[in-house]
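Here the structure comes first, spelled out in structure tokens, and everything after it is commentary.
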There are 2 protein chains.
Amino acid sequence: MGIGPGSLDDITLRATRAVTESDYVIGVATYIDQISSLLHNQKVIKGVMGEEVQRAKKAIELASSGHNVSIVSGGDPNVFGMASLVLELLALQDSTTDVEVVPGVTAVNAVAAILGAPLSSDYAIISLSDLLIPWSEIEKRLTSAVESGFVIALYNPQSRKRKINLARSIKLLKKHRPHAPVGIVQNGARPGEMKAIATLETLMEHEAIIDMHTTIIVGNNESFIWKDKIITPRGYQRKYEY
Amino acid sequence: MGIGPGSLDDITLRATRAVTESDYVIGVATYIDQISSLLHNQKVIKGVMGEEVQRAKKAIELASSGHNVSIVSGGDPNVFGMASLVLELLALQDSTTDVEVVPGVTAVNAVAAILGAPLSSDYAIISLSDLLIPWSEIEKRLTSAVESGFVIALYNPQSRKRKINLARSIKLLKKHRPHAPVGIVQNGARPGEMKAIATLETLMEHEAIIDMHTTIIVGNNESFIWKDKIITPRGYQRKYEY
């Protein structure tokens with residue numbers, strides 16, 4: 001289940017109910033902490049980053065023995081979250097355990113709202129983490145997305161150990177969008193939210209707020225800045241007089 | 001503000017509060033009906049499809065004269081919703097009216113949850129409506145997204161009057177993904193929800209459930225079907241023993 005960007009304001013009723021009705025709630029500490037006010041009698045298992053496989057197996061084991069278990073993902077569980085891993089493992093066992101995926105507001109949508117209206121049109125989500133996917137694949141996706149006019153959201157732009165992919169991405173993207181507005185939001189809709197608007201040329205001036213809790217939205221060549229917002233026209237102006 | 005896919009289970013607390021605290025709630029009848037249980041003393045203005053510009057102008061006029069106004073979008077207001085149009089009009093007037101964009105669960109995430117875990121990896125959203133964007137642009141985006149391995153979500157796949165774009169898209173996509181699983185969900189997370197799993201070869205056998213209320217998710221070449229679910233591996237299997 002997905003808890004949205006992190007504030008309880010942005011969680012859905014269905015996700016809230018899933019948590020409150022669970023026997024076990026499993027997730028990394030950050031997400032567990034974000035929903036702490038929903039935790040009362042549930043047993044809580046805090047996991048650590050990098051141990052997703054163990055966490056998923058533990059959840060399946062508990063669910064298979066009759067417990068009601070929630071596995072918590074930040075944002076939406078389908079978007080670099082736990083849904084696929086849990087279902088892959090269930091499929092391997094050809095399990096008969098009931099499973100429900102509960103959607104949530106994912107970072108691209110939460111961050112777009114904070115920035116105003118940068119998406120509007122077709123968009124692509126690309127994670128810059130090459131932990132599970134080779135960089136050559138990521139590069140190919142960045143190139144095709146920027147060449148064909150997608151608004152692009154970059155997830156996991158850089159970590160303490162991995163900085164080169166963002167630099168490579170900026171170099172690649174700015175050839176096609178030298179003046180496009182770029183929105184940077186760290187801890188979007190959570191305590192400590194930081195936001196900046198830049199271009200690909202000036203993006204790294206905001207490096208202090210770029211880490212694994214940051215989402216970057218690269219507008220297309222029609223996007224523009226107004227006050228503290230990014231607006232990508234939807235195309236109505238081609239059809240209607242304003 | 002976005003109300004999510006349509007059931008009040010999938011609306012966020014922030015969107016609920018925005019509606020209940022409004023003086024005016026403005027939107028097309030479908031969305032107004034979906035949130036009818038949240039409407040008490042608010043004045044309601046039901047608009048019609050195709051009159052987005054008038055609706056946005058009316059909302060701005062009311063807000064500028066001091067009223068608290070909610071403009072309702074299905075799903076997320078940044079995803080083919082009203083956010084960009086409202087902000088474009090406000091920017092044209094260089095308005096000082098306060099505006100907040102409230103995110104919601106958009107169709108791709110709601111539908112992905114219904115289908116299981118088809119997204120997992122990088123994905124692209126493409127609307128097949130050529131009302132505001134020329135078909136040549138849409139075709140270019142489809143081609144680049146399928147060639148570079150994105151999971152692809154098709155919004156607005158066909159309307160009563162427009163059927164050719166879906167046929168053209170299938171032809172183009174199936175060259176690259178002849179066996180990829182395709183999920184079709186009509187009225188996702190709403191009354192009348194219908195779902196089918198097919199391939200691009202067999203997609204049109206489900207044409208009865210394909211209209212403007214349908215979202216289609218085209219898996220990548222690693223996606224597979226298990227029971228009634230589509231699973232796109234996230235890549236853990238390359239790194240870990242299951």
Is the stretch A:163-184 home to any residue that is touching a residue at least 12 places away in the same chain (Cβ under 8 Å), at the interface with another protein chain (Cβ under 8 Å from one of its Cβ atoms) and among the hydrophobic types (A, V, I, L, M, F, W, C)? no
Taking the stretch A:106-131 only, how many residues are under 14 Å from residue B:119 (Cβ atoms) and either touching a Lys or Arg at 6+ places or on another chain (Cβ under 8 Å) or in a loop (DSSP other than H, G, I, E, B) (or both)? 3
Matching residues in the stretch A:54-84 - criterion: being over 20 Å from residue A:103 (Cα atoms), part of a loop (DSSP other than H, G, I, E, B) and in contact (Cβ under 8 Å) with a residue 12 or more places away in the chain: A:67
The stretch A:122-151, residues that are surrounded by 17 or more Cβ atoms within 10 Å (Cβ to Cβ) and of a type in the set (Phe, Trp, Tyr): A:123, A:150
Is there a residue in the stretch A:206-217 that is in contact with an Asp or Glu (Cβ under 8 Å, 6 or more places away or on another chain) and under 20 Å from residue B:127 (Cβ atoms)? no
Kindly indicate the residue of the stretch B:79-108 that is more than 7 Å from chain A (Cβ to nearest Cβ) and over 16 Å from residue A:229 (Cα atoms) and also surrounded by the most Cβ atoms within 10 Å (Cβ to Cβ) among those meeting that condition. B:108
Any chance you could count how many residues in the stretch A:90-135 are of a type outside the set (A, V, I, L, M, F, W, C), over 21 Å from residue A:220 (Cα atoms) and touching an Asp or Glu at 6+ places or on another chain (Cβ under 9 Å)? 3
Please work out which residue is nearest to the other protein chains (Cβ to nearest Cβ), limiting yourself to the stretch B:35-53 and to residues that are part of a helix (DSSP H, G or I) and modelled with pLDDT under 95. B:53
Taking the stretch A:212-242 and keeping only residues that are over 30 Å from residue B:131 (Cβ atoms) and either within 10 Å of another protein chain (Cβ to nearest Cβ) or open to solvent by 50 Å² or more (accessible area, probe 1.4 Å) (or both), one is left with A:212, A:213, A:228
What pairs can you find where one residue is in the stretch B:29-45 and of a type in the set (Ser, Thr, Tyr), the other is not in a loop (DSSP other than H, G, I, E, B), and their Cβ atoms are less than 8 Å apart, with a gap of 6+ or different chains? B:31/B:73; B:37/B:8
Within the bounds of the stretch A:152-161, is there any residue that is open to solvent by 40 Å² or more (accessible area, probe 1.4 Å) and modelled with pLDDT under 95? yes
When the stretch B:145-161 is checked residue by residue, the ones that are outside any helix (DSSP H, G or I) and facing chain A (nearest Cβ under 7 Å) are B:148, B:149, B:150
Among residues of the stretch A:109-144, those that are more than 7 Å from chain B (Cβ to nearest Cβ), modelled with pLDDT of 95 or more and more than 19 Å from residue A:209 (Cβ to Cβ), counted: 6
Of the residues in the stretch B:1-15, those that are more than 8 Å from chain A (Cβ to nearest Cβ) and more than 16 Å from the chain's Cα centre (by Cα) come to B:15
Scan the stretch B:12-28 for residues that are outside any strand (DSSP E or B) and in contact (Cβ under 8 Å) with a residue 60 or more places away in the chain and jot them down. B:14, B:15, B:18
Within the stretch B:127-136, can one find any residue that is in contact (Cβ under 8 Å) with a residue 12 or more places away in the chain and in contact with a strand residue (DSSP E or B) (Cβ under 7 Å, 6 or more places away or on another chain)? yes
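The values are calculated or read from the model by the stated rules, or taken from the named source; none is laboratory data. Only a predicted model underlies this, so the values are computations on that prediction, with no experimental measurement involved. FYI the Cβ positions are ideal-geometry reconstructions off the backbone, even for glycines, and counts take in every protein chain you see. We work out accessible area using only protein heavy atoms, side chains counted, and drop any ligands, DNA or RNA first. Shrake-Rupley method; radii C 1.70, N 1.55, O 1.52, S 1.80 Å.
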